[in-house]
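Here's the structure, in structure tokens; my notes come after.
FYI, it's all coordinate maths here, none of it is from the lab. Because the structure is a prediction, the values reported are computed rather than measured. Every residue, glycine as well, gets a Cβ built from its backbone with ideal geometry; the counts of neighbours run over all protein chains shown.
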Amino acid sequence: MKILLLGSGGREHALAWKMAQSERVEKLYIAPGNAGTCTCGENVAIKADDFEAIKQFVADKGIDMVVVGPEDPLVKGIYDDLKRDPRTKDVPVIGPSKAGAVLEGSKDFAKAFMQRHDIPTARYRTFDGEHLAEGLLFLETLQPPYVLKADGLCAGKGVLILGTLEEARRELREMLGGHEEGDKGHNAAKPKFGDASRRVVIEEFMSGTECSVFVLTDGEHYKILPEAKDYKRIGEGDTGLNTGGMGSVSPVPFAGDEWMKKVEDRIIRPTIEGLRQEGIDYKGFIFFGLISRTNIPACHTSPVKPQPSVGDPYVIEYNCRMGDPETETVMLRLKSDLVDLLEGVARGDLDRRAIAFDERAAVCVMLVSGGYPQAYRKGLPITGIDQVEGSVVFHAGTAFSPSPQSPQMVTAGGRVIAVSSYGKDKEEALRKSFHEAQKINFEGRYFRRDIGADLSESKS
Ligand code: AMP
Ligand code: GLY
């Protein structure tokens, strides 16, 4: 099988690494890929959202399957575009249609979808600039902290959690573009996140422990992949600014059978069933950003009755793709042939494909550029990758410097390299990753040394 994988991050390197192990793969192309993906297949200089070039390439090379890594092309409708073109209409695409990708592309759509299908999530309302006054009043009905979410895609920056009503009111105004009641937009400032925050979801704050759960679906059947926990803040002890993710751990101790059964019964099955009922074409990964909730208000309107013994899973968000850096641990724990599972998605017989997990723990520690997630330098030489032993190095923001004489690997992004390791438990895997991460150097290199430290073996 000839496969084209779209994307260029650590997630795509991990997917490419896993697919390259399959005997089914005759040729793997990665567009555009990075300095690591070229060890798993052939990088192609096409951007993941250049649909015209992608379709031409698929037709020219006789590609048998397109696997979409990031959300951007999905939300822009790559699935539908390939299906519309006579040259590519029969090529399976792993990733949802545009209508399915809206689960990630619009927070308001996702919340309304969950409400329609009785899927547990935080109480919310959505406001646009013309209804600022109502939004400000709604804030007063909530307890701090206040959660404001830009409706559209914001590269992970569109969620604000604010400690005081004053801050929440100010931010709501800025997100919506400073409209006032009765102002039809003539004197309004630009919305803080552009079009993405023309509508804002305000929702109740949920406390608890987060967990990312991944499902692969052919639209009818589904397989649950290993779960993982992501560490989003830049600073140790979960402090400082949000990042794309500083590390991940799998399995997650509290996500035992009892908790996962609740996830499957209350969240996964109703989501797949809901997509089907609404006629939404969805063949690909669904990423459930969940929280095991401990502060469920007595007045909560959810049909789900809280049970204190083990936390109750609630949905924070849906994504229409795999997580990054979760994929860098999930792929280590997936024992089965990923390409076989993807073929099951394409053919609609996923129920007949076997899935098995590695019992060992897997962790990932992300090495990032100095200054990230704010301004950072690119093009800095990277050394020491060849010294790493026993861990898997996944490239995220790396590239080869243009000089063809002595190609030097350099930094090309905020998140640069993920060091993933196995261990008999997460402690052993973390020791390994921290040790090997020290060997990789570039100016300003930083990584969190407390990944996984918050997870005890006890149930949440
Ligand atoms: P999202 O982009 O929706 O995943 O939100 C980013 C992060 O904000 C999540 O991973 C959570 O840590 C946090 N978050 C979002 N919504 C809530 C909520 N309702 N309650 C508590 N934390 C939240
Ligand atoms: N790790 C979170 C994400 O991929 O969105």
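If the segment from R449 to Q374 were pulled out straight at 0.36 nm per residue, it would be longer than the present Cα-Cα gap by 25.0 nm. Extents of the stretch 374-438, taken as max minus min of Cα coordinates on every principal axis and listed largest first, are 42, 30, 15 Å.
Its convex hull of Cα atoms gives the stretch 5-141 a direction-averaged projected area, equal to a quarter of the hull surface, of 11.5 nm².
Each residue, T164 and R347, gets one label point 7 Å from its Cα in the Cβ direction; the gap between the two is 6.2 nm. Here's the picture: a label point sits 7 Å out from the Cα of E428 along the beta-carbon direction, and within the stretch 222-257 the residues with their amide nitrogen under 18 Å of it are 249-253. Subtracting the Cα-Cα distance of L241 and A155 from their residue separation scaled by 0.36 nm leaves 29.6 nm. Using R0 = 35 Å, the C-beta based FRET efficiency linking Q143 and K439 works out to 0.15. Packing here is the average count of other Cβ atoms within 10 Å per residue, and on that basis the peptides 117-124, 96-103, 160-167, highest first, run 96-103, 117-124, 160-167. Computed from label points 7 Å out along Cα-Cβ, the spacing between E359 and E42 is 4.2 nm. Per residue, the average separation of C-alpha pairs within less than 8 Å and at least 6 apart gives the chain a relative contact order of 17 percent.
Relative contact order of the stretch 304-434, taken over Cα pairs closer than 8 Å and 6 or more residues apart, is 26 percent.
Computed across the chain, the Kirkwood radius stands at 22.8 Å (inverse of mean 1/r, all Cα pairs).
At a threshold of 8 angstrom on Cα-Cα distance, excluding pairs fewer than six apart, so keeping six or more, what relative contact order does the stretch 134-287 reach in percent? Value for the stretch 134-287: 20 percent.
Cross-link partners for K232 among the lysines, with Cα-Cα distance under 23 Å and sequence neighbours closer than 8 places in the same chain left out: K107, K111, K149, K157, K192, K378, K426, K432, K459.
Using a/c under 1.5 as the rounded threshold, could you call the stretch 342-460 rounded, prolate or oblate? The axes a ≥ b ≥ c are square roots of the C-alpha gyration tensor eigenvalues, and prolate needs a/b larger than b/c, oblate otherwise. Since a/c reaches 1.5 but b/c is at least a/b, the shape of the stretch 342-460 is classed as oblate. Looking at the stretch 1-68, the GluC sites (Glu not before Pro) that sit in a DSSP loop and have at most 12 other Cβ atoms within 10 Å of their own Cβ are E23, E26. Rounded to the nearest 0.05, the FRET efficiency derived from the C-beta distance between R233 and F205 at R0 = 22 Å is 0.85.
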